[in-house]
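Report on one structure; see the data block that follows.
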Amino acid sequence: MTLRARYTGLIDRYRDRLPVHDDTRIICLGEGNTPLVRLNNIPRLLGREVDMYIKYEGLNPTGSFKDRGMTMAVTKAVEEGSQAIICASTGNTSASAAAYAARAGIKAFVLIPEGKIAMGKLAQAMIHGSTVIQIQGNFDDGMELVKQVAETAPVTIVNSINPYRLQGQKTAAFEILEELGGAPDYHCLPVGNAGNISAHWMGYKEYHEHGVVNDLPVMVGYQASGAAPFLRGEMVDNPETVATAIRIGHPQSWDKAWAVQKESSGWFDEFSDQEILAAQKMLTEKEGIFCEPASAISVAGAMRDIQSGKIPAGAKVVCTLTGHGLKDPDTAIGQCTAGVQTVQASLGAVEDAIMSAIGGS
Ligand code: AN7
């Protein structure tokens, strides 16, 4: 028996496919290498023969896929001598930027929309010591301000307009290809700024062009109906959705994502807040997997497209669960109509509670 080499992070693992040098100081937290979990119960409930997987990106160090891009972006910012990074964020990017800046020993400034960021994410941005600037506007307003301020202030933007972000994020596609031994037939993702869907396509194409695999997936992007510029065919000015992560009306990777749709013969679709929350609950109750609302839209979408036959029987489908459910306990608890019962601290009371639950099921 031999011991396996320690996993240190995705830059180390994919060094030959990423823009780093031998002497680059890598800023990492052991990100990547996330589980690809085969769903058992949901396909059975759908009554369809499909091979459905979720890529559990919520298990990255700060709880979202953003860590893949952030390890690259912060590594390069430090290499280039930057002392501070800045981002606008709906939540996950701010937490990730704050953590990697702390790791690097540099400053982080994060602009977040007032009142529209989940508590877990605000807690992370604050506890890691970033400067949190809450703006009386939405993500899109914040993004414009970040671009403007970075023209004069000594700060490096680490939103996905920073090309190193997509370089890091493309490694999720590498992992899926390696684990499945080839491409899935369909890859379903939530779409906000569309950086992630573009980065995945980049990763898939890279392995394809290098002959590592000989097939490519169809890429499918899902948006919340109140924040669905790719469905409307134009920017949306006042995006609204319970899935705060994707409450974005002016996607930064607009052209890239349309290219992905065309090249992969994919499509975009939209879901109501109610449908998004129902999918989140279904994943937790039927598969034991807790993701945030924005992430659940990928499974909502796959389920609908499998049922309608748009995704055919026998297909291999990967859904990216971009962020962990613990980000937003309030929304999760709000979904649990059964609530919590309070009883006396006695054996009889606890037995009664158990017996009535068993009897009622
Ligand atoms: C859980 O954190 O934009 O289409 O500022 O947090 O690549 O933007 C988050 C985006 C999907 C959309 N799922 O990805 C931010 C931010 C979750 C997210 C997306 C986000 P992109």
Select from the range 59-83 the residues that are surrounded by fewer than 24 Cβ atoms within 10 Å (Cβ to Cβ) and of a type outside the set (A, V, I, L, M) and list them in ascending order.
-> Pro61, Lys76, Glu79, Glu80, Gly81, Ser82, Gln83
Of all helices (runs of 4 or more DSSP H) completely enclosed by the range 1-85, which ones contain at least 2 residues that are in contact with a strand residue (DSSP E or B) (Cβ under 8 Å, 6 or more places away or on another chain) and assigned by TED's automatic domain parsing to the domain that holds Gly309?
-> 41-46
Looking at the range 108-121, which of its residues are out of contact with any Gly (no Cβ under 8 Å at 6 or more places or on another chain) and either at pLDDT below 95 or surrounded by fewer than 18 Cβ atoms within 10 Å (Cβ to Cβ) (or both)?
-> Gly115, Lys116, Met119
Where in the range 228-288 are the helices (runs of 4 or more DSSP H), entirely inside, with at least 2 residues that are in the same structural domain as Tyr56 (by TED's automatic domain parsing) and over 30 Å from Ile157 (Cα atoms)?
-> 273-287
Residues of the range 158-180 classified as surrounded by fewer than 23 Cβ atoms within 10 Å (Cβ to Cβ) and within 12 Å of the ligand (Cβ to nearest atom), total | 1
Any hit, the range 306-318, residues being more than 13 Å from Leu46 (Cα to Cα), crowded, with 24+ Cβ neighbours inside 10 Å and within 14 Å of the ligand (Cβ to nearest atom) | no
Go through the range 136-149 residue by residue and tally those that are surrounded by fewer than 17 Cβ atoms within 10 Å (Cβ to Cβ) and either under 21 Å from Lys107 (Cβ atoms) or under 17 Å from the mean Cα position of the chain (by Cα) (or both).
-> 4
Out of (1) under 19 Å from the mean Cα position of the chain (by Cα); (2) crowded, with 22+ Cβ neighbours inside 10 Å; (3) assigned to a helix (DSSP H, G or I), the one Met202 does not meet is (2)
Taking into account only those residues within the range 306-341 that are assigned to a loop (DSSP other than H, G, I, E, B), more than 11 Å from Pro293 (Cβ to Cβ) and among the β-branched types (Val, Ile, Thr), which is modelled with the lowest pLDDT?
-> Thr337
Flag for Ser264 being touching a helix residue (DSSP H, G or I) at 6+ places or on another chain (Cβ under 8 Å) and either among the basic types (Lys, Arg) or more than 11 Å from the ligand (Cβ to nearest atom) (or both) | yes
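The values are calculated or read from the model by the stated rules, or taken from the named source; none is laboratory data. Computed from a predicted structure; not experimentally measured. Ideal geometry is used to build each Cβ from the backbone, glycine not excepted, and the neighbour counts take in all protein chains shown.
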